[in-house]
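Throughout, read-outs are computed from the coordinates displayed, never taken from laboratory work. Model, not experiment: these values are computed from the prediction. Using ideal geometry, Cβ is built from the backbone for each residue, glycine included, and neighbour counts are taken over all protein chains shown.
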Amino acid sequence: MLQVLCALALGLLLGWAEPALAVRFKPLSDGFIFVIGLLVVPIVFVTVTSGLAGMGSLRRMGRTGFCALLYFEAMSALSLATGLCAGWLVQPGERLDAIGAGAPAAAAPTAGVAWAHMLGASPVLQALLAALACALLLTAFGRRAAGVQRACQRAANGLFRLVRLVLKAAPLAAFGAIAYAAGRHGPGSIGALATLVAALYLASALFIVTAMGAIAWLCGFSLPRLLLALREELVLAATTSSSVAAMPGLMQKLEKAGCPRTLVAAVVPAGYSFNLNGSNIYLGMGLVFLAQLQHAPLSWGICANMLAMLMLMSKGASGVAGAAFMVLAASAAVLPAGSEAGLALLLGVERLLKCRVLANLTGNAVACLAIAAWSGQLDYRALVESGIGRRQVASI
């Protein structure tokens, strides 16, 4: 975190003092984005395959599985829509007119033409379709294909370890990206990124307070008390930039709060693939930001394409450092033009977006308690004794 902040400050200073020299550092960010691009296709394939195939176990859980699937998909759609709407309302990318200069704005394709073009031109979407087909086959074979599903999961873990290794070069890439942006596009690029970061934090906070707060109230527990109970896990997630790091402590506290151990063991790990609300808000807002940089028309058809794409791609946004940026880079295929310049800019503030992991962790805690309540398995007495439940529901 400190290294990234220093890199941002140095890049901004160089871009302000020596613009001609600053733009020469662009290869640092270009090289980083190129390496990320090489990893996108295999990561999309193995994460989506293993993630969707893993949902078969949830379906066998009967009422609990139905509640979990319904909840995950509803909250994913709502959080993605929140990010898209926030990006459309704030419009941080519109402040960077210089990036789109020199290239005519792409015409807005119809939904059918857009998908046909993307399927033919994007290796990422081809990998996504292949992953969907493989996941269906694995689900159909059931336990006989369990070994293949586990192999995909191990491959995903290995690829994400490689991503974490690549991310060690993020400060250099961030320096190159910010230096180039400040040197070529002036202070407006920094203002636009600051607006994007502020809007993302605000959108995440509003989503937690409104959407998660409403669910907590309906299910008989207090969101502020839950956040207080999870303070150690929230600090751990923020400092490590990974909500997965806090998963063991989260599961223990949910069991103490009245959720059955079997339900916690099934719902929480699944939530780290299918219920990452903070990452979804970032994906929605980031994709709109990239579209605005390209001056791409955001018609209802394009927005619907974005939402449909992200509903699939977000299933690979596992709660580890760098995963959300990888998914955003892959999801940029839905746009009518290249997004390398915009991705390089987003890279500069990637490590500052702690709101994603905080929202992810909170969302999975709320999800487990809500699913336990709706499936009739939540022990309200234990919930109140843990300090999370509301006193008036102790007798339920």
Efficiency of FRET from Cβ geometry, LEU89 and ALA20, R₀ 51 Å, rounded to 0.05
0.90
Could you check the spin-label model distance between ALA214 and ARG150? Points 7 Å from the Cα along Cα→Cβ, value in nm.
4.2
Taking the Cβ-Cβ separation of LEU298 and LEU129 as r and a Förster radius of 25 Å, what is the calculated FRET efficiency to the nearest 0.05?
0.50
Taking the alpha-carbon distance from LYS256 and a cut-off under 14 Å, which aspartates and glutamates remain once sequence neighbours fewer than 8 residues away in the same chain are dropped?
ASP379, GLU385
